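The block underneath contains the structure these notes are about, expressed in structure tokens.
Every number in this text was worked out from the coordinates using simple rules, so none of it is lab data. These numbers come from a predicted model, not from an experiment. Cβ coordinates were reconstructed from backbone atoms using ideal geometry, including for glycine residues, and neighbour counts include every protein chain displayed.
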Amino acid sequence: MIYFTADHHFSHKNIIKYCGRPFQSAEEMNAVMIQRWNETVQPGDTVFYLGDFSLGIQSVLEILPILNDKSTLSWVTMTSATR
């Protein structure tokens, strides 16, 4: 399967209030989004990620390896820890 997606904003606590996301913390948001991703995307699927994956490179390094797909093409545009 091939997927296209963008704007998860992993680890970005302020996106919860900016977008009215139904989470109490960035950790809760990350856990739910990872769970839903892995329920949908199977190992070997291709995901074209078109931007704003996460806030900070550290979360990219932590989250990418636990997502089911192993062929994600990421355009990570939100990597500044100061945002």
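Provide the per-residue ³J(HN,Hα) series for the stretch 33-42, in order, calculated from phi with Karplus coefficients 6.51, -1.76, 1.60 and θ = phi - 60°, each as a whole number of Hz, with x at glycine and proline positions.
5, 5, 4, 5, 4, 5, 6, 9, 8, 9
Return the tail of the calculated pair distribution for the stretch 2-74, meaning the percent of Cα-Cα pairs more than 17 Å apart.
Tail of P(r) above 17 Å: 40 percent of Cα pairs.
Note down the magnitude of the dipole of the stretch 2-74 about its Cα centre, charges +1 on Lys and Arg C-beta and -1 on Asp and Glu C-beta and zero elsewhere, to the nearest 20 debye.
160 debye
Between beta-carbons, use under 10 Å as the cut-off and find the net charge around SER11, counting Lys and Arg +1, Asp and Glu -1.
The answer is -1.
So for each of 15-24, 60-69 I average, over its residues, the number of other beta carbons within 10 Å; can you give me the resulting order with the highest mean first?
So the order, starting with the most tightly packed, is 60-69, 15-24.
Sequence-distant or interchain residues sharing an amide H contact under 5 Å with TYR3, placed H: which?
THR46, VAL47, PHE48
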